[in-house]
Structures are given as structure tokens and as C-alpha cells.
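As C-alpha cells, the structure follows; a few thoughts come after it.
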Protein chains: 2
Amino acid sequence: MKKIMNKAENFVDETMEGIILAYADRVKLLNNDRRILLTNSSVRKGKVGIVTAGGSGHLPMFLGYVGQGMLDGCAVGNVFASPSSKKMADMIRACDYGSGVLCLYGNYGGDNMNFDMACEMVEFEGIETRTIRVRDDVASSSRNTLDKRRGVAGMVYAFKIAGAAAEQMMSLDEVSKLTEKALKSTRSVGVALSPCIVPEVGKPTFSIGEDEIEIGMGIHGEPGIEVSKMMTADEIARILLEKIFNDMPVQGEEEVSVMINGLGATPMEELLIVYRKIHMILAEKNIKVYMPHIGEYATSMEMAGLSLTVLKLDADLKSLLRSPASTPFYTNYNK
Amino acid sequence: MKKIMNKAENFVDETMEGIILAYADRVKLLNNDRRILLTNSSVRKGKVGIVTAGGSGHLPMFLGYVGQGMLDGCAVGNVFASPSSKKMADMIRACDYGSGVLCLYGNYGGDNMNFDMACEMVEFEGIETRTIRVRDDVASSSRNTLDKRRGVAGMVYAFKIAGAAAEQMMSLDEVSKLTEKALKSTRSVGVALSPCIVPEVGKPTFSIGEDEIEIGMGIHGEPGIEVSKMMTADEIARILLEKIFNDMPVQGEEEVSVMINGLGATPMEELLIVYRKIHMILAEKNIKVYMPHIGEYATSMEMAGLSLTVLKLDADLKSLLRSPASTPFYTNYNK
């Protein structure tokens with residue numbers, strides 16, 4: 001196993017130490033806890049707090065989005081494991097600036113359970129919370145069981161929209177409403193080419209045939225919806241977009257943001273080749289792309305593959321998407 | 001072979017099409033030539049042009065740095081192959097705004113030969129040029145044969161410094177002098193864990209043992225200086241930093257920028273774990289880190305591994321490093 005690390009059991013703590021040493025201008029730990037990251041920018045009293053939590057192993061997701069204009073706090077667990085409800089509650093308390101806290105996360109079992117408990121604890125103390133579970137992955141469950149769908153790269157758009165709305169001093173209700181609106185218009189689907197290695201396990205967590213790819217595989221290796229022979233970039237682009245359009249039609253004249261997210265080991269060249277085809281198909285349908293996001297946003301360490309996310313935009317969402325943000329891994333300085 | 005592409009012979013052209021479709025606000029092609037990328041920002045008359053060229057397969061290097069505050073133009077060849085002298089000359093002509101053009105590139109045989117020819121062509125037409133070959137890779141040749149050293153990730157710092165100086169309307173002499181100063185203070189060294197696949201070749205270009213790593217391997221798979229058994233992140237950090245310090249001593253109280261550059265398939269978590277140790281060793285020596293760069297800056301497609309670059313800073317270089325830039329893959333909005 002070739003992972004550049006020290007002891008496997010220190011993988012997450014040492015990653016967090018790296019973040020803190022590199023980006024102390026933008027982020028800080030809560031009480032030296034190497035599992036709870038907070039924004040280091042001066043937050044205005046009365047701003048709604050935006051927090052998330054989840055397993056490690058997905059950088060830049062989630063830790064990389066803590067900072068001005070996006071997340072106020074993020075609690076992480078071990079690789080692919082939820083943090084405890086206690087850590088979540090500590091984080092929520094630290095991110096309550098007097099107007100409540102929005103908990104925005106990926107609809108995974110452990111995170112759901114722990115966030116529910118954390119919210120109960122802090123509400124008992126008088127902190128108002130709202131919960132929004134991101135469910136953008138169309139491959140993770142059918143349209144009849146939407147509540148079982150998982151959150152994947154579309155969470156980045158949710159963080160951006162929620163963070164921007166909070167930055168404008170909107171109320172917890174307003175921030176939640178805009179975030180729900182964005183998520184109603186967000187769909188993702190991925191394709192995996194190779195597995196990843198969980199440090200403490202030390203070997204690939206699953207296997208994919210030498211000439212095969214798995215469409216719809218989850219970011220922890222959850223089974224996809226079909227195993228196919230390796231195909232061209234144009235075919236992959238067409239299939240992924242079709243799966244999204246089947247779930248969420250987009251009309252000509254509409255505007256979308258598109259994210260081509262590398263899962264870890266896929267070269268930027270290949271992401272751009274896929275973007276090229278997506279852009280061309282959208283152009284044929286007279287759909288315009290606004291602020292494409294191409295790169296690594298939500299990974300599974302060294303997994304090869306990519307995901308496509310489409311976010312339908314209106315004037316409100318466009319304005320929130322382009323507003324300034326400054327976090328270790330997401331910077332936006334549009335006016 | 002699992003590469004997300006269409007025909008191998010279209011890999012570079014389709015990558016470039018992806019860039020143009022995604023980032024038309026910042027970059028454009030010269031006369032529809034899918035091998036010559038130019039900045040799309042309005043350039044002031046009299047600004048020195050900054051250009052580079054090289055083989056494809058290293059994104060974000062080189063194309064990703066074309067834009068405001070960095071490169072004015074970039075010509076690319078096939079994967080790992082130099083573009084022609086004719087394309088370079090076309091690019092130089094397009095990037096001459098009346099005060100000459102700095103050609104800043106990586107000291108590879110084909111690029112050297114073709115840039116020399118291109119400069120001869122355009123100088124005959126009255127365009128003044130300067131050439132600076134980046135030679136930051138300490139592993140690529142000994143101190144006695146400095147002129148044989150290759151340029152690797154340190155080129156990104158050179159593009160940033162040169163671009164910022166040109167943006168301040170300095171003369172070709174001044175821009176060149178500051179860039180030379182930065183490069184005198186820049187050293188890199190890398191470590192490779194796995195090979196990459198050149199699309200038209202279709203299989204790994206070299207092999208590294210299952211439990212081995214190669215220190216000093218070049219970004220095209222050029223042989224390194226030693227093959228070692230896999231080691232811990234802390235050991236890798238210590239060895240790479242030692243190789244740089246042996247070549248370029250850094251004193252306590254000095255300030256440096258540090259780049260931890262992923263070669264393509266290495267997870268961000270692992271880059272941060274290495275940064276952590278580098279930061280700690282530097283802190284022990286009382287050396288401060290300014291604007292660390294951690295991520296993928298110069299890759300070899302799906303190669304696993306990383307490189308370390310250290311840039312010693314003074315007040316001039318700090319100011320140029322932090323000045324604004326806006327390119328598809330490098331954004332800086334510090335004042």
C-alpha cells in the first residue's frame with residue numbers, strides 16, 4: 001500500500017494539523033480539538049451559522065470549505081465515519097452567533113443520527129437549529145425514495161448558497177429556504193474507475209474490473225446502478241447528463257452551473273475533455289453554463305473517476321453563487 | 001488502460017477545447033489554433049508579455065496559468081512533447097504589446113531548441129525577447145552542471161513573479177531581473193510512487209516497485225537519484241527538505257513560500273500531512289512560511305507522488321507573490 005502518511009490512526013489528526021498550520025489566517029480549531037474546524041474570520045453578531053459534518057477522506061470536502069462566505073464550522077470523524085454527536089453539538093454552540101444554526105450535510109446514516117442528537121442537545125440550551133440533508137446523488141436511490149438519496153459533490157453548491165445568504169444577514173428561515181431551493185435544482189451522478197484505500201484498512205475497499213467502470217458508485221464505494229465496459233469520454237458525458245436530465249428536466253434558455261468533480265486520481269485533462277462534451281450537449285439544447293466548476297471538490301482519496309453536478313439557476317441563486325468567498329479550497333472574489 | 005478520453009490523438013485538442021469552453025471569460029485561442037492559448041483580459045499597451053511553452057499532460061501547468069497577472073500566452077505540444085518553433089513565434093508575436101516578451105520555460109531539450117528558433121524569427125521582425133530557463137529541480141543534475149537542471153513546479157512561482165512585475169509596467173530588463181532573482185531562490189525536488197500513462201502509448205511509461213518510491217524522478221518519468229523502500233510522510237518531508245537545504249541554505253528569520261505539489265493521483269490529505277512536517281521543521285529553524293501553496297500545480301496526469309518547492313522571499317518577492325492574479329487555475333485577490 002502506497003499512502004504518504006505516518007501511522008494510519010493519525011491520518012485524520014495530522015491532516016487537520018496540516019490545514020491549521022497552512023491556513024491559520026482563515027481557519028482555527030475549537031479548543032484545540034483536531035476534529036472541529038471553525039472559521040477564523042470575524043463573524044458579525046446575528047449572522048446565521050452554517051455548519052456541516054461527515055467522515056474524513058473527501059478533501060476538499062468538507063474541511064476545505066470552512067471560511068468566509070461558506071461554512072462557519074465543520075466536524076469530521078475518521079475516514080468515512082461520522083463524528084460524534086458531542087463534537088457536533090460543540091461545533092453548533094461555537095457557530096451560534098445569536099440567530100441560529102443551519103446544519104447542512106449529506107444524508108448518511110451516522111451523520112443523520114448524530115446530528116439529530118446534537119440538535120436536540122443544543123435546542124435544549126436555547127439554540128435554534130434547522131437541518132437540511134443534501135440528496136443530490138440521483139444514482140443512490142430512485143425518485144420514489146428520495147429521502148434515501150445521499151449527498152455528494154452537490155453539497156459544495158449548497159454550502160456556497162447557504163454561506164452567501166447567511167453573509168447577507170438573512171434569517172435562519174430565509175437562508176434555509178434559499179438553500180432548499182438550490183437543492184431542489186441540484187442533481188449529481190458519478191462514475192468510478194478504480195477503488196480507494198482506507199488508511200486503517202490498508203487495501204482497496206472494493207474492486208472494479210480492469211476494463212470496467214461503475215456508473216453511480218457512491219463516494220465510499222457504495223454499489224452503483226450499472227457496471228459497464230470502459231467507454232469514451234463523450235459517452236460518459238452523455239450518459240451522466242442523461243441520468244440527471246431524466247430526474248430533473250432542464251429547458252432551453254435556462255441557465256445552469258456545472259461541476260465536473262474529480263474523485264481523486266483523475267487528471268484535470270480528462271475532466272476538461274468531459275466538460276467539453278457536456279458544454280456542447282447543453283449548447284445544442286440552448287442551455288447556458290454559468291460559473292463552471294472543474295476540478296477536485298469532493299474526493300474519495302485516490303479513487304479514479306468523476307462526478308457531474310448540475311445546478312439550475314435563477315437570478316437569486318446566480319447572485320449567491322458569485323458572491324465573494326474565501327476558504328482554504330474555494331475562493332471567489334466576484335462582485 | 002482507463003483514461004477518460006476519446007481518441008488518443010485528440011487528447012490535447014479536446015483538453016484545450018474544454019478550457020476554452022469553460023474559461024472564455026479569461027482565455028482565448030490565437031486564430032482558432034488549439035495549441036496556442038492567450039489571455040483574454042485587456043492588456044495595457046506597453047506591458048511586457050510573459051509567455052511559456054511545453055508539452056501537454058501537466059495541468060494546471062502550463063495552460064492553467066494564462067490570464068491576468070501571470071502568463072499572456074502559452075503554446076503546448078502533444079503530451080510530453082514540445083510545440084513547434086512556428087507556434088512559439090506566433091504566440092510571441094501575439095504577446096508583444098510594444099515592450100518585448102519574456103520567454104520563461106522549463107529547460108527541456110525540445111523547448112530550448114524551438115524557443116531559440118522562435119526568438120530568432122521574431123527578433124528579425126523587431127520584437128525584443130528575453131529567455132529565462134527555469135532550473136529548479138535539484139535532483140535533475142548536480143550543482144556543477146546547473147545548466148542541465150530541469151524546470152518543475154517552481155515554474156509556477158516564476159510565472160507569478162514575472163506576471164506581477166509585468167503587470168506593474170516594469171521594463172523587460174526589470175521583469176527579467178526580478179524573475180532571475182526569484183529563481184535564484186527557488187528549489188524543488190519530487191518523489192514518485194507510481195507511473196503515468198501517455199494517451200498515445202496506452203500503458204505506463206515506466207514502473208516503480210510495489211513497495212518502492214523514487215526520489216528525484218522527473219515529471220516525465222526521468223530517472224531519479226535514488227529508489228527507496230516506501231517510507232513515512234515525515235521521512236519523505238525530511239528527506240526532500242534536506243535535499244533542498246543542501247543545495248540552497250535557508251537561515252532562521254528568513255521567510256519562504258512552500259509549495260507541496262501533487263503529481264496527479266495523490267490525495268490532498270497526504271499533501272497536507274507532508275506540509276505539516278515541513279512546516280514543523282521550518283518552525284524549529286525559526287523559518288516562517290508565507291502563502292503556502294498546497295495542491296496540484298504541475299502534474300504528470302495520473303502519476304502518484306508529490307514535489308516540494310521552496311522559494312526564499314524578500315520584500316520585493318513577497319509583494320509580487322501576493323499581488324492579484326486571475327487565471328483558470330490560479331486566483332489571488334490579495335491587495
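Quick notes on this one:
- Selection over the range A:225-236 of residues that are surrounded by fewer than 24 Cβ atoms within 10 Å (Cβ to Cβ) and either more than 8 Å from every other protein chain (Cβ to nearest Cβ) or in contact (Cβ under 8 Å) with a residue 40 or more places away in the chain (or both) gives a count of 8.
- Condition broken by A:Val310, with the remaining ones in (1) within 14 Å of chain B (Cβ to nearest Cβ); (2) modelled with pLDDT of 95 or more; (3) open to solvent by less than 40 Å² (accessible area, probe 1.4 Å); (4) under 28 Å from B:Glu302 (Cα atoms) satisfied: (1)
- Of note, A:Leu272 does not satisfy the criterion of being touching a residue at least 40 places away in the same chain (Cβ under 8 Å), crowded, with 24+ Cβ neighbours inside 10 Å and within 21 Å of B:Asn6 (Cβ to Cβ).
- Verdict on A:Leu317 being under 15 Å from the mean Cα position of the chain (by Cα), more than 10 Å from chain B (Cβ to nearest Cβ) and at pLDDT 95 or above: no
- Output for the range A:278-331, where each listed residue is in contact (Cβ under 8 Å) with a residue 12 or more places away in the chain, under 19 Å from B:Ile294 (Cα atoms) and not assigned by the TED database to the domain that holds A:Glu222: A:Ala325, A:Ser326, A:Thr327, A:Pro328, A:Phe329, A:Tyr330
- Screening A:Ser194 on (1) touching a Lys or Arg at 6+ places or on another chain (Cβ under 8 Å); (2) open to solvent by less than 10 Å² (accessible area, probe 1.4 Å) shows it passes everything except condition (2).
- Here the range A:283-307 is the region considered, the condition is being aliphatic (A, V, I, L, M) and surrounded by 22 or more Cβ atoms within 10 Å (Cβ to Cβ), and the residue that is farthest from A:Gly209 (Cα to Cα) is A:Ile294.
- Any hit, the range A:207-217, residues being surrounded by 15 or more Cβ atoms within 10 Å (Cβ to Cβ), part of a loop (DSSP other than H, G, I, E, B) and out of contact with any Leu (no Cβ under 7 Å at 6 or more places or on another chain): yes
- Residue match in the range B:80-88 (condition: of a type in the set (Phe, Trp, Tyr), within 25 Å of A:His293 (Cβ to Cβ) and not assigned by the TED database to the domain that holds B:Ala298): no
This table checks each residue for (1) away from chain A (no Cβ under 14 Å); (2) in contact with a Ser or Thr (Cβ under 8 Å, 6 or more places away or on another chain).
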position: B:Phe124; (1), (2): yes, no
position: B:Thr129; (1), (2): yes, no
position: B:Ile161; (1), (2): yes, yes
position: B:Glu167; (1), (2): yes, yes
position: B:Val175; (1), (2): yes, no
position: B:Ala182; (1), (2): yes, no
position: B:Ser194; (1), (2): no, no
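- Among the strands (runs of 3 or more DSSP E) confined to the range A:2-90, the ones with at least 2 residues that are open to solvent by 10 Å² or more (accessible area, probe 1.4 Å) and more than 14 Å from chain B (Cβ to nearest Cβ) are located at A:27-30, A:33-39.
- Note on the range A:91-109: residues that are open to solvent by 10 Å² or more (accessible area, probe 1.4 Å) and either over 20 Å from A:Lys177 (Cβ atoms) or in contact with a Lys or Arg (Cβ under 7 Å, 6 or more places away or on another chain) (or both) total 8.
- Sole residue being under 20 Å from A:His293 (Cα atoms) and open to solvent by 10 Å² or more (accessible area, probe 1.4 Å), chosen from A:Arg143, A:Arg135: A:Arg135
- Some residue of the range B:175-189 being open to solvent by 10 Å² or more (accessible area, probe 1.4 Å), at pLDDT 95 or above and part of a loop (DSSP other than H, G, I, E, B): yes
- Every residue from the range B:287-307 that is part of a loop (DSSP other than H, G, I, E, B), facing another protein chain (nearest Cβ under 10 Å) and closer than 19 Å to B:Arg322 by Cβ: B:Met291, B:Pro292
- Which numbered condition A:Asn107 fails, given (1) out of contact with any helix residue (DSSP H, G or I) (no Cβ under 9 Å at 6 or more places or on another chain); (2) at positive phi: (1)
- Among the residues making up the range B:198-226, those that are of a type outside the set (D, E, K, R) and under 20 Å from the mean Cα position of the chain (by Cα) are B:Val198, B:Ile215, B:Gly216, B:Met217, B:Gly218, B:Ile219, B:His220, B:Gly221, B:Pro223, B:Gly224.
- Qualifying residues in the range A:253-286 (those that are modelled with pLDDT of 95 or more and assigned to a loop (DSSP other than H, G, I, E, B)) - the one farthest from the other protein chains (Cβ to nearest Cβ): A:Glu254
The values are calculated or read from the model by the stated rules, or taken from the named source; none is laboratory data. Model, not experiment: these values are computed from the prediction. Virtual Cβ from ideal backbone geometry, glycine too; neighbours counted across all protein chains shown. Areas reflect the complete protein model, heavy atoms only, side chains present, ligands, DNA and RNA absent. Shrake-Rupley method; radii C 1.70, N 1.55, O 1.52, S 1.80 Å.
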